[in-house]
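Down below is the structure, laid out as structure tokens.
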Amino acid sequence: MTHANTILKLSGLGCAACASKVEDVLNSLPGVISVSVNLEESVASVEYDPASVDLDIMIAAVKEVGYGAGPSV
């Protein structure tokens, strides 16, 4: 399995429970290996298998639980 890393820029996070919700939804995706959300910087660091999941799927999953997400520039 090939591993890749990405950083997602998040919006709408107001508390630790919000960050936990984002971590949970990303960790539930097949192919996601690990997730760490930094609430203060509003970013999620994600390690994943690019053969199983891609950036669009991760962004859509975060948006489905009510938060904004996009690629970090």
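Nothing in this text is a laboratory measurement; each read-out follows from the coordinates by a stated rule. Worth saying up front: this structure is predicted, and the values here are computed from it rather than measured. We place every Cβ from the backbone using ideal geometry, glycine too, and count neighbours over all the protein chains shown.
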So the FRET efficiency between SER11 and ASP54, C-beta based with R0 = 25 Å and rounded to 0.05, is 0.80
Length-normalised contact order of the range 4-71, Cα under 8 Å, at least 6 apart, in percent, tallies to 43 percent
